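These notes are about the structure you will find just below.
The values are calculated or read from the model by the stated rules, or taken from the named source; none is laboratory data. Computed from a predicted model, the values in this text were never measured in an experiment. FYI the Cβ positions are ideal-geometry reconstructions off the backbone, even for glycines, and counts take in every protein chain you see. Keep in mind that these areas ignore ligands, DNA and RNA; they rest on the heavy atoms of the full protein, side chains included. Shrake-Rupley method; radii C 1.70, N 1.55, O 1.52, S 1.80 Å.
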Amino acid sequence: MYKKASISLYWHFALIVLCSLAAPLSLSAQNFNEELKMELGFWMGGSFPMPGTEAADVLDSDLGAGGFYRIYWPSPFLLETGFSYAAYKSQSTQQLITVPVYAALVYPLPWFQRFSLMLKLGGGGSYLEVRPVNRSGWDPMLYGGFEFSILAARRFRVGVRVDGYYIYDSFRSEPEELKYLRYMPGTFDDRFYQTKEFKLYNPAFYNFGLMMSFII
């Protein structure tokens, strides 16, 4: 009887030790899961060439839209990825389609409690397509953004956001046909004389729109 009682006390003691060790681990895992929140959202609004740039002299503003996904990590920052779409028309038949895709580090300013003010900086690539000539490709891009939002419900956020894109198009080479035509005097049609003055530059665009997101 004494031996059985000692064995029983031993197992009770071992069980208590295991529970005491497992409790902090489960609590820390729970806290980590609670802190590691994710957010999925979209926005819709206006898309504009940056004022004062050459793109603004040629292209008109348009309605744009996009989506984003972010994770609340690493604290106190957030990581955000997103994309947008806009088709800029001009006074002529030319049209530019842009599809920027970015990843950014987000910093929520800590001075506000009832609402969120976030600053964003990152980079990515932008798909450009020029119509009707159908010239297309990907260019590297610098991204910066600003967001003002309110947590309308426990898992629902609404607000406004501004996204800026600076697209590095200057690394491209000019079209091959222009190189050859420059060494062939008399082959230009006067109607297309301006194509001889082909110049690459880095366009800049920005979006301003209403956003909503869901914390998942």
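Before moving on, here are some points about what is shown:
- Note on Gln113 and Val162: the model spin-label points, each 7 Å out from Cα along the C-beta direction, lie 2.8 nm apart.
- Note on exposure: Asp169, Asp60, Asp139 ranked by accessible area (1.4 Å probe, complete protein assembly) read Asp60, Asp169, Asp139, with the most exposed listed first.
- Here the gap between Ser136 and Ser170, fully extended at 0.36 nm per residue and compared with their Cα-Cα distance, gives a gain of 10.8 nm.
- Positive contributions from Lys and Arg (+1) and negative ones from Asp and Glu (-1), summed over other residues with Cβ under 15 Å from the Cβ of Gln91, come out at -2.
- Protection proxy ranking of 66-73, 130-137, 115-122, 91-98, by the mean of other Cβ atoms within 10 Å over each peptide's residues and highest first, is 66-73, 115-122, 91-98, 130-137.
- On full extension, the segment bounded by Ala103 and Phe42 gains 20.4 nm, given 0.36 nm per residue less the C-alpha separation.
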